[in-house]
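Visitor: Okay, handing you the structure first.
The values are calculated or read from the model by the stated rules, or taken from the named source; none is laboratory data. Everything quoted here is computed from the prediction, not taken from an experiment. Reconstructed Cβ throughout: ideal geometry from the backbone, glycine too, with neighbour counts over all protein chains shown.
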Amino acid sequence: MILAIDTSTAACSAALFDSDGTCVAHRDQLIGRGHSERLVPMLDELLVSRRADVILVGAGPGSFTGIRVGIAAAQGLAIAWDCELKGISSLALLAAGAETAGDVAAAVDGGHGELFVQQFAGRTLEATSELLNLPPTQAAGIISAETVIGPGANALVEARDSGRAIAGWPSAQNALRLPEALRSLAPKPIYARAPDARAKNAA
């Protein structure tokens, strides 16, 4: 079995898949803060004495505290179960919830008035842009996807004055939809920085 966990945002999410990749159980809860108190009981409810052969854990970017909680729990289970542990892109997991054929951008709060943003192909969820950490006004000049999903979607769409914003959250039940490269990352927090390139509308 495969266990997927994501705690990179205000949502706490976990899903369990069988050997065929079918999601047999999942939990999604919007909790704001308090992942450390909610995650373990959630996993107990989900697993019901079952164990996984592989664990996939959201590596971010997003809430650094939340990400650390998820990774710590995944590491503890991986040691207890002696199983494989891999990181997954939390932004790609977020993009998977948009269910659109065209490109989709994922946007979450990066702190200090900035957003973590990245663009993906709607059907394959392959990354079509770099991972960026920018103010909405600068991200607006770089991200071209019509659909933007995530808690930072409105800020980006408003700054760009075009597009469709979806207020979504990462859901672990979409973990196996991600391409292999985005669900076999190192199980450690992902950091993002501003790009060397300037926004298209910059002088």
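Visitor: For segment 1-46, give me each residue that is in a helix (DSSP H, G or I) and over 22 Å from LEU178 (Cβ atoms).
Guide: Matches in segment 1-46: SER36, GLU37, ARG38, VAL40, PRO41, ASP44, GLU45.
Visitor: Continuing with the same structure: Answer yes or no: is there a residue in segment 25-43 that is at pLDDT 90 or above and hydroxyl-bearing (Ser, Thr, Tyr).
Guide: no
Visitor: Taking the options ILE31, ILE67, name whichever one is more than 23 Å from GLY141 (Cα to Cα) and touching a Gly at 6+ places or on another chain (Cβ under 8 Å).
Guide: It is ILE67.
Visitor: Here are the criteria: (1) surrounded by 14 or more Cβ atoms within 10 Å (Cβ to Cβ); (2) within 30 Å of GLU114 (Cα to Cα); (3) free of Cβ contacts under 8 Å to residues at least 60 places away in the same chain. Tell me which single one LEU46 does not satisfy.
Guide: (2)
Visitor: Do we have any residue at all in segment 89-98 that's in a loop (DSSP other than H, G, I, E, B), surrounded by fewer than 24 Cβ atoms within 10 Å (Cβ to Cβ) and either not hydroxyl-bearing (Ser, Thr, Tyr) or not assigned by TED's automatic domain parsing to the domain that holds SER63 (or both)?
Guide: no
Visitor: Hey, another quick one. Scan segment 49-74 for residues that are assigned to a helix (DSSP H, G or I) and either surrounded by fewer than 24 Cβ atoms within 10 Å (Cβ to Cβ) or in contact with a strand residue (DSSP E or B) (Cβ under 6 Å, 6 or more places away or on another chain) (or both) and jot them down.
Guide: PHE64, THR65, ARG68, VAL69, GLY70, ILE71, ALA72, ALA73, ALA74 - these are the residues of segment 49-74 that are assigned to a helix (DSSP H, G or I) and either surrounded by fewer than 24 Cβ atoms within 10 Å (Cβ to Cβ) or in contact with a strand residue (DSSP E or B) (Cβ under 6 Å, 6 or more places away or on another chain) (or both).
Visitor: Right, next: I'm trying to understand the selection: among the residues of segment 7-43, which are charged (D, E, K, R), without any contact (Cβ under 8 Å) to a residue 12 or more places away in the chain and under 18 Å from ILE71 (Cβ atoms)?
Guide: Selection gives GLU37 alone.
Visitor: Going by what's in this entry, would ASN154 be described as part of a helix (DSSP H, G or I), closer than 11 Å to LEU94 by Cβ, at pLDDT 95 or above and in contact with a strand residue (DSSP E or B) (Cβ under 9 Å, 6 or more places away or on another chain)?
Guide: So ASN154 fails the test.
Visitor: Is there any pair linking a residue in segment 103-123 that is at positive phi to one that is part of a loop (DSSP other than H, G, I, E, B), with Cβ under 7 Å and at least six apart or on different chains, and which?
Guide: That search, which allows pairs on different chains as well, returns GLY113/PRO135.
Visitor: Could you please find all residues in segment 106-151 being surrounded by fewer than 22 Cβ atoms within 10 Å (Cβ to Cβ), in contact with a Leu (Cβ under 7 Å, 6 or more places away or on another chain) and part of a helix (DSSP H, G or I)?
Guide: The answer is PRO136, and nothing else.
Visitor: Being modelled with pLDDT of 95 or more and in contact with a Phe, Trp or Tyr (Cβ under 7 Å, 6 or more places away or on another chain): is that true of ALA92 here?
Guide: So ALA92 fits the description; yes.
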